[in-house]
Amino acid sequence: MSDDSRPPTAPSRTAAVIPAAGKGVRLGPGAPKALRALSGTPMLIHAVRAMAASRAVSLVVVVAPPDGAAEVKSLLDAYALPDRTDFVVVPGSETRQESVKLGLDALPPGHDIVLVHDAARPLVPVDTVDAVIEAVRAGAPAVVPALPLADTVKEVEPAATPGDPEPVVATPVRARLRAVQTPQGFDRATLIRAHETVTEDVTDDASMVEQLGLTVVVVPGHEEAFKVTRPLDLVLAEAVLARRRLNDGF
């Protein structure tokens with residue numbers, strides 16, 4: 001006979017790691033990319049708020065530049081952030097992969113789901129964050145939000161000299177391609193194993209899980225979760241924020 005007196009299992013707690021140690025070279029000289037302002041507020045604060053907007057996220061770990069943890073901590077203290085969420089700042093490293101590992105090392109026990117989110121994607125909607133978390137809760141070891149491509153993509157033989165013509169070697173089937181965004185979500189143990197196992201440099205954490213031979217699944221991304229990399233992206237981000245203020249009435 002089953003024991004129906006047992007309390008229901010609590011949902012897995014979720015933590016978000018935000019690597020924010022990058023220099024943002026393509027945005028030009030000035031402050032590190034994560035500290036650039038959007039409508040008067042640093043991109044990093046927008047990204048932190050985007051993670052904390054999900055009621056499932058109880059902890060946000062910000063991985064600061066190696067010598068900038070105190071500055072980032074002061075920055076977080078200066079802005080209103082949700083009381084229900086804990087915030088931790090740790091110094092990062094020279095590479096994104098190493099910085100994410102340092103963020104993982106800072107996680108206390110009890111958080112079984114981990115999101116990894118780019119500080120340069122400050123405007124991801126909370127529905128996208130929640131969709132990633134729910135897919136991990138449903139049993140996926142790794143989840144990425146992604147969008148279908150609008151453009152035809154060509155695989156080329158890279159030119160020896162930048163700017164020279166490059167021969168096309170293949171045209172992938174566009175229907176099978178997706179542009180991947182963040183936050184990427186993971187079963188915590190799986191992500192830790194990936195960082196302990198995969199030593200080569202990769203562009204995202206999901207690629208590390210793929211190298212373990214595990215399945216990464218895709219959920220729908222959102223057009224406002226774009227990465228702010230170039231000056232034109234800053235213009236677009238400002239326009240999105242202006243539209244949100246208009247729609248929200250403030």
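The values are calculated or read from the model by the stated rules, or taken from the named source; none is laboratory data. Note that the coordinates shown come from a computational prediction; the quantities given were computed from them, not determined experimentally. So basically every Cβ, Gly included, is an ideal-geometry build from the backbone, and we count neighbours across all protein chains shown. Side chains are part of the model used for accessible areas, which takes the heavy atoms of the whole protein and leaves out ligands, DNA and RNA. Shrake-Rupley method; radii C 1.70, N 1.55, O 1.52, S 1.80 Å.
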**OP:** Report the residue, chosen from 159, 175, 20, that carries the largest GNM mean-square fluctuation when the chain is represented by alpha-carbon nodes joined by springs under 10 Å.
**Re:** 159
**OP:** State the antiparallel share, in %, of DSSP beta bridges confined to segment 92-250, rounding to the nearest 5.
**Re:** 70 percent
**OP:** Springs between alpha-carbon atoms under 10 Å, Gaussian network over the chain: tell me which of 193, 176, 84 tops the mean-square fluctuations.
**Re:** 176
**OP:** Kindly write out, for segment 146-162 in residue order, the coupling ³J(HN,Hα) from the Karplus curve 6.51 cos²θ - 1.76 cosθ + 1.60 (θ = phi - 60°), rounded to whole Hz, with x marking Gly and Pro.
**Re:** 7, 10, x, 7, 7, 9, 5, 10, 10, 8, 10, 8, x, 6, 5, 10, x
Original post:
Given a 1.4 Å probe, how much area per residue of the chain is accessible, in Å²?
Top reply: 53 Å²
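Counting only protein heavy atoms and using a 1.4 Å probe, what share of the accessible area of the chain belongs to carbon plus sulfur, as a whole percent? Walk me through the numbers on the way to the answer.
Values: 7210 of 13360 Å².
Carbon and sulfur atoms account for 54 percent of the accessible area of the chain.
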Subject >> Length added when fully stretched, residue 160-residue 78, from 0.36 nm per residue minus Cα-Cα >> reply: 24.7 nm
Original post:
Under the rule of -39500 (n - 2.57) per DSSP H run of 4 or more residues, summed and divided by the residues of the chain, what mean residue ellipticity at 222 nm is obtained, to the nearest 500 deg cm²/dmol?
Top reply: -9000 deg cm²/dmol
Original post:
Any idea which of 207, 161, 79 is furthest toward the positive side of the dipole for the chain, if Lys and Arg beta-carbons carry +1 and Asp and Glu beta-carbons -1?
Top reply: 79
Subject >> Theoretical gain in end-to-end length, residue 94 to residue 203 [0.36 nm per residue, Cα-Cα removed] >> reply: 37.8 nm
Original post:
Peptides 179-186, 49-56: what's the order by average Cβ count within 10 Å, highest mean first?
Top reply: 179-186, 49-56
**OP:** For segment 193-250 and segment 121-137, compute the distance between their C-alpha centroids and round to whole Å.
**Re:** 10 Å
Subject >> Under Karplus coefficients 6.51, -1.76 and 1.60, residue-wise ³J(HN,Hα) of segment 83-93 in Hz, glycine/proline x >> reply: 5, 6, 10, 8, 10, 10, 10, 10, x, x, 9
Original post:
Around residue 179, which amide H atoms from residues at least 5 apart in sequence, or from another chain, sit under 5 Å from its own amide H, with H modelled in the peptide plane?
Top reply: 147, 149
Subject >> FRET efficiency, residue 138 to residue 242 (Cβ-Cβ, R0 41 Å, nearest 0.05) >> reply: 0.70
